[in-house]
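For reference, the structure is listed below as structure tokens.
Please treat every number below as a calculation from the coordinates, not as lab data. Only a predicted model underlies this, so the values are computations on that prediction, with no experimental measurement involved. Cβ sites come from the backbone with ideal geometry, for glycine too, and all protein chains shown count toward neighbours.
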Amino acid sequence: MAIAKRPPPELFKLATNAWTKPYWDAVARHSLVVAQCTGCGTCRMPPTPFCPTCQSQQIDWRTLSGLGEIYSYIIVERAILPGMTEHLPYVPAVITLEGGGGVRLISNVVDVELADLFIGMKVMVVWDDLAEGVAVPRFAPWAG
Amino acid sequence: MITDKTAIVGLGATPYYKRGTSTPQTLEELVGKSILAAVHDAGLKVQDIDGFAYFAGGFDTALLAETLGIPEIRFSATLTGTGGGSAGAIGLASAAIVSGQAEVVVCVGANQQGAQRFGSITSAYPATPENAFFSAAGLVGPGHMFALLARRHMHLYGTTREDFAEVAMSTRANAVTNPNATLRQPMSREDYFKAPMLADPHCLYDFCLENDGAVAVIVTSAQRARDLRQTPVRILAGCHGGSRDWGRSIYWMNMPDESFASSGHAAVAKRLFAAAGVDPKDIDVAQIYDHFTSQVIMQLEDYGFCEKGEGGPFVRSGAIRLHGGRLPVNTDGGQLSCGYVWGMTHVREAVEQLRGVAVNQVEDARLALVTGGPSIIPVSGLILAN
């Protein structure tokens with residue numbers, strides 16, 4: 001059986017703005033946070049300048065447990081870019097974040113037997129440090 | 001309302017080249033060739049053109065006017081977004097004409113893929129704060145992203161790869177008899193399941209082609225259309241837009257559960273049928289943007305040809321087959337097997353069906369639906385009649 005690896009790290013180049021930087025700064029410290037509207041409590045991902053529910057610009061940064069659930073996933077087994085082969089297979093996934101008010105993160109499930117994947121699987125954040133001050137959250141199966 | 005006030009009167013296209021083989025022609029040259037063919041088809045002169053209505057950012061109107069010798073431009077506008085606007089650009093042209101801003105408007109789409117393929121296009125996007133939220137996951141093309149929606153659809157509704165296979169096979173069957181089609185060998189169920197998985201649950205044959213080429217149409221007023229060479233193809237409605245819940249869709253992935261596993265077309269579909277004054281059951285032939293087989297199934301649901309979640313059983317019943325299906329779909333072989341020119345091949349095929357000159361002619365085709373690509377909003381739809 002095959003184990004899910006990680007996608008090529010060079011695909012990721014971090015760019016931030018004033019609204020997304022606190023999220024990525026937290027990630028670099030291995031903390032998963034979500035932007036929650038101070039006014040109405042709506043969470044949003046990614047962090048943007050306005051609350052889509054009440055248009056407030058006030059944000060509370062809520063720290064999450066790192067637990068999540070697979071909402072959907074795919075398995076990438078074929079290289080469509082040069083240099084991808086050694087990173088195959090990998091599993092891009094949409095993860096519903098526990099305590100995040102329903103928001104989802106586009107990430108990867110790693111270190112899992114491909115045959116064991118299913119929608120609804122409980123996962124826990126793991127951290128990949130890619131460069132000085134730059135990390136990305138990925139998710140691994142969580143036994144509880 | 002634009003209903004029946006404008007018509008498509010000219011159609012022009014380059015050959016559908018295999019990706020990267022249209023050189024040394026330039027992209028502007030392909031665009032120009034399709035426009036010249038369309039004005040000739042209409043019985044107009046290139047000097048009659050006074051407007052351009054594009055989608056996905058369009059082309060350089062100034063350069064086209066300069067190179068083609070168009071004396072005066074009165075309208076030049078594009079829908080925002082990407083391939084979602086291919087059908088809606090026709091509605092934009094109609095809006096320009098009905099409001100008196102222009103009289104002879106070109107809608108054109110074209111691709112030329114050199115070093116950068118569409119299949120891996122998202123990996124070439126610039127690093128932006130928004131892109132940072134998907135690029136780390138290794139989603140390097142729309143095929144990866146839409147497969148996430150496909151998996152969710154399978155989970156919610158029991159859709160299977162057999163359903164995707166039926167879309168691929170029925171579309172291929174139409175390409176087999178189309179001399180313009182890129183892939184003309186028949187596809188069996190066995191062929192489909194032998195194909196490599198590119199983005200499980202999507203295999204090679206769930207993906208559209210990547211062609212070079214250009215397709216242009218000429219839109220003018222219903223009144224002027226009467227005196228031209230071709231029997232006019234009437235524009236009943238052309239709508240674009242979409243709901244906030246769909247929004248940036250594949251680049252966002254935070255659509256509410258009820259719209260995640262969809263094509264994002266539901267809002268536009270509702271408005272389109274109302275504007276045209278017809279129902280889904282009235283449509284004789286549909287050209288459904290088929291970048292991925294699973295998205296054909298979800299559009300059939302969003303346009304109301306079947307209930308939400310019933311798209312799989314609908315296609316497996318043979319409903320979209322050219323022969324014996326109640327709604328023949330992508331009768332030229334679609335983007336899956338005929339040619340991919342960012343949705344404009346679908347406009348072309350609808351026009352040919354309604355002129356009665358299609359290679360795979362649907363008998364007595366009176367009403368045709370064309371959809372733009374499920375993608376970020378605006379998405380779009382078009383209803384044409386003869």
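Here the 3J(HN,Hα) profile of region A:55-66, calculated from phi with Karplus coefficients 6.51, -1.76 and 1.60 at θ = phi - 60°, is 6, 5, 9, 7, 10, 9, 8, 9, 7, 9, 6, x Hz, Gly and Pro shown as x. With contacts taken as Cα pairs under 8 Å and at least 6 residues apart, region B:68-178 reaches a relative contact order of 14 percent.
Using unit Cβ charges (K, R positive; D, E negative) and no other charged atoms, how large, in debye to the nearest 20, is the dipole of chain B about its Cα centre?
Numbers: 30 positive and 37 negative charges, 34 e Å.
It comes to approximately 160 debye.
Counting, for every residue in B:343-350, the Cβ atoms of other protein chains within 10 Å of its Cβ and taking the mean gives 0.
How long are the semi-axes of the equivalent ellipsoid of region A:4-144, defined as square roots of 5 times the Cα gyration tensor eigenvalues? Whole Å, largest first.
Numbers: eigenvalues 150, 64, 33 Å².
Equivalent-ellipsoid dimensions as semi-axes: 27, 18, 13 Å.
Here the convex hull built on the C-alpha positions of region A:71-140 has a volume of 109 cubic angstrom per residue.
Estimated translational diffusion coefficient (Stokes-Einstein, Kirkwood radius over Cα pairs, 20 °C, 1.002 mPa s) of region B:23-79: 182 µm² per second. GNM remark for chain B: springs join alpha carbons under 10 Å apart, and the peak mean-square fluctuation among B:D206, B:D227, B:D284 falls on B:D227.
Just name one of B:S337, B:A95, B:I35: the one whose Cα is farthest towards the positive end of the charge dipole of chain B (beta-carbon charges, Lys/Arg +1, Asp/Glu -1). Working it through, the farthest residue towards the positive pole turns out to be B:S337. What's the long-distance tail for region A:1-73, i.e. % of Cα pairs beyond 18 Å? Cα-Cα pairs in region A:1-73 separated by more than 18 Å: 52 percent.
Quick one: Debye curve from the C-alpha atoms of chain B, no solvent, what's log10 I(q)/I(0) at q = 0.07, 0.11, 0.14 Å⁻¹? With one equal scatterer per Cα and no solvent, log10 I(q)/I(0) is -0.27, -0.70, -1.18.
Note on the protein assembly as shown: Kirkwood radius taken over Cα pairs, Stokes-Einstein applied at 4 °C and 1.567 mPa s, translational D equal to 55 µm² s⁻¹. Volume per residue of the convex hull around the Cα atoms, evaluated for region B:96-246, comes out as 211 Å³.
Across region B:242-304, the mean sequence separation of Cα contacts (distance under 8 Å, 6 or more residues apart), normalised by length, yields a relative contact order of 35 percent.
Taking amide H as placed 1.01 Å from N in the peptide plane, the amide H of B:F52 sits under 5 Å from that of B:F75, B:S76, B:A77, B:V106, each at least 5 places away or on another chain.
Projecting the alpha carbon convex hull of region B:1-145 along each direction and taking the average yields 10.5 nm². Averaging the sequence gap over all C-alpha pairs within less than 8 Å and six or more residues apart, then dividing by the number of residues, gives chain B a relative contact order of 26 percent. For the protein assembly as shown, lysine pairs with C-alpha atoms less than 25 angstrom apart, excluding pairs fewer than eight positions apart on the same chain, total 13. Counting only DSSP H runs of at least 4 residues, each contributing -39500 (n - 2.57), and dividing by the residue count of chain B, the helix-based mean residue ellipticity at 222 nm comes to -9500 deg cm²/dmol.
Just checking the listed ones, B:H291, B:H323, B:H153: in the Gaussian network model of chain B with Cα springs under 10 Å, the one fluctuating most is B:H323.
Protection proxy ranking, highest mean first, for peptides A:50-62, B:58-70, A:100-112: A:100-112, B:58-70, A:50-62, where packing is the per-residue count of other beta-carbon atoms within 10 Å, averaged. Counting only alpha carbon atoms, the long axis of helix B:27-42 and the longest principal axis of chain B meet at about 60°. Under a Gaussian network description of chain B, with springs only between Cα atoms under 10 Å, the residue in B:N180, B:N131, B:N360 that fluctuates furthest is B:N131.
In terms of the Cα gyration tensor, with a ≥ b ≥ c the square roots of its eigenvalues, is region B:205-258 rounded because a/c is under 1.5, prolate because a/b exceeds b/c, or oblate?
oblate
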